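The values are calculated or read from the model by the stated rules, or taken from the named source; none is laboratory data. Predicted model, so just to flag it, every value in this text is computed and none were measured. Cβ: placed from backbone, ideal geometry, glycine included. Neighbour counts: every protein chain shown. Note: accessible area is taken over every heavy atom of the protein model, side chains too, but ligands, DNA and RNA are not part of it. Shrake-Rupley method; radii C 1.70, N 1.55, O 1.52, S 1.80 Å.
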Amino acid sequence: MNTTKRIRTGAASALSLACILLVSGCAVDASDGGGPVATDGGEGGGTPNSISGITTIPELDEELAALVPEAIAAKGTLTVGTDATMPPKEFVADDGTTVQGLDVDLTYAIGNVLGLKMTFVNTKFDSLLPGVQNGRYDFVASSAAPTAEREAQVDMVSVTRSGESLLIRAEDEDRITGLEDTCGLKVGAPQGSLQLEDIAIQTEQCEADGEPAVDAQVFPDAAAANQALVSGRIDASFLDLPGAVYRADASEGTLLAVGPVYRAGLEAYFMQQGNGLADPVSQAVNLLIENGTYAEILKKWSLESGKLEVSYVNPITTGRDQ
């Protein structure tokens with residue numbers, strides 16, 4: 001953490017990120033707006049969810065589908081919660097309606113393998129975990145890192161690797177090179193995110209060093225934090241790494257993703273604890289890894305370096321946080 005590495009936009013940033021963790025940047029422009037919207041995979045190709053931009057659309061695997069608990073399989077359609085403000089993982093397309101991104105495509109692929117239609121609902125990140133617990137959502141795909149605390153409340157299935165990054169205005173690159181430079185500054189993060197925990201840890205360090213605390217600014221989602229940064233209301237935003245780099249690349253040089261990759265590790269989908277869905281989902285991900293569909297989806301969104309070799313259920317508490 002004490003080694004600072006600058007992440008710049010354009011080709012240079014892509015090379016830097018490939019060396020650190022993953023490469024980001026896709027051709028589809030994201031909308032920073034978007035209240036609650038819902039969309040599903042549509043019909044096509046004899047599968048419940050259609051996926052564009054890959055060679056082979058995954059189809060039903062009867063053995064894995066048979067592992068889905070009867071009560072869940074009988075629903076046919078699962079409601080999937082996501083905070084669609086984190087491109088290129090999940091975001092609203094230019095039509096203002098369609099939820100798209102890597103996590104959307106991978107969720108659709110999982111649904112096809114298990115014979116389940118997946119319908120996305122765009123909502124705030126901090127409502128997702130309680131929404132799964134109370135049954136509002138059957139499934140969540142939303143750039144969530146698995147932690148022991150979260151795994152004590154829901155079942156989590158590892159799907160990719162990622163991390164966190166600080167996003168700043170380019171004019172501030174000499175004074176802000178990482179989180180350690182934010183004592184006394186306003187730093188924004190999405191409500192309910194692990195980034196807020198890391199800002200609190202940095203505040204403790206600032207105060208121990210006799211410096212002013214970080215002024216944590218909590219926003220409803222990543223898009224709101226980004227807007228506050230662009231408008232000058234905050235000094236930096238602390239976001240999921242792919243989202244920070246995506247926004248930097250889209251800013252035409254006005255924003256930079258800087259510093260080391262914080263919390264480099266897994267991201268996971270989650271569902272109600274103990275309802276029997278996690279194991280077939282994990283096995284579906286592993287099938288997609290084996291047959292190449294997983295790699296195609298990562299490549300489509302330029303996130304190849306975030307790939308996993310194996311998906312596990314509750315990887316943190318089972319010691320499989322590869």
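Among the residues that make up the stretch 252-267, is at least one of them within 26 Å of ASP138 (Cα to Cα) and over 16 Å from the mean Cα position of the chain (by Cα)? Scanning the stretch 252-267 turns up no residue that is within 26 Å of ASP138 (Cα to Cα) and over 16 Å from the mean Cα position of the chain (by Cα).
In this entry, ALA284 is excluded by the filter for residues that are surrounded by fewer than 17 Cβ atoms within 10 Å (Cβ to Cβ), among the hydrophobic types (A, V, I, L, M, F, W, C), on the phi < 0 side of the Ramachandran plot and not in a loop (DSSP other than H, G, I, E, B). Exactly one residue out of TYR294, TYR246, TYR262, TYR269 is open to solvent by less than 40 Å² (accessible area, probe 1.4 Å) and farther than 30 Å from SER50 by Cβ, and it is TYR262. From the list THR182, THR160, the one residue that fits, being over 25 Å from ALA284 (Cα atoms) and crowded, with 24+ Cβ neighbours inside 10 Å, is THR182. Quick one: which residue in ALA278, ALA284, ALA264 is touching a Ser or Thr at 6+ places or on another chain (Cβ under 9 Å) and closer than 26 Å to PRO69 by Cα? Unique residue meeting the criteria: ALA284.
Restricting to the stretch 290-322, what's the tally of residues that are among the polar types (S, T, N, Q) and closer than 16 Å to PRO242 by Cβ?
Looking only at that region, the number is 2.
Regarding the stretch 232-240, can at least one residue be identified that is basic (Lys, Arg) and within 23 Å of GLY163 (Cα to Cα)? No - not one qualifying residue is present in the stretch 232-240. The residues of the stretch 92-101 that are aliphatic (A, V, I, L, M) and part of a loop (DSSP other than H, G, I, E, B) amount to a single one, ALA93.
Flag set for ASN275, criterion: farther than 26 Å from GLY306 by Cα, in contact (Cβ under 8 Å) with a residue 24 or more places away in the chain and either part of a loop (DSSP other than H, G, I, E, B) or open to solvent by less than 40 Å² (accessible area, probe 1.4 Å) (or both).
Of all the criteria given as (1) touching a Cys at 6+ places or on another chain (Cβ under 7 Å); (2) open to solvent by 70 Å² or more (accessible area, probe 1.4 Å); (3) not polar (S, T, N, Q), the one not satisfied by LYS307 is (1). Among residues of the stretch 59-91 being part of a loop (DSSP other than H, G, I, E, B) and touching a strand residue (DSSP E or B) at 6+ places or on another chain (Cβ under 7 Å), the one that is most open to solvent (accessible area, probe 1.4 Å) is GLU59. Name the residues in the stretch 173-189 that are touching a residue at least 24 places away in the same chain (Cβ under 8 Å), under 23 Å from GLN227 (Cβ atoms) and touching an Asp or Glu at 6+ places or on another chain (Cβ under 8 Å), would you? Selection gives ILE176, LEU179, THR182, GLY184, LEU185, LYS186, VAL187.
Cβ-Cβ distances below 8 Å connect the following pairs, each with a first residue in the stretch 311-322 that is β-branched (Val, Ile, Thr), a second residue that is exposed (fewer than 15 other Cβ atoms within 10 Å of the Cβ) and not in a loop (DSSP other than H, G, I, E, B), and a separation of six or more residues or different chains: ILE316/ALA148; THR317/ALA148. Residues of the stretch 108-145 that are in a strand (DSSP E or B), at pLDDT 95 or above, among the hydroxyl-bearing types (Ser, Thr, Tyr) and open to solvent by less than 30 Å² (accessible area, probe 1.4 Å): SER142 alone.
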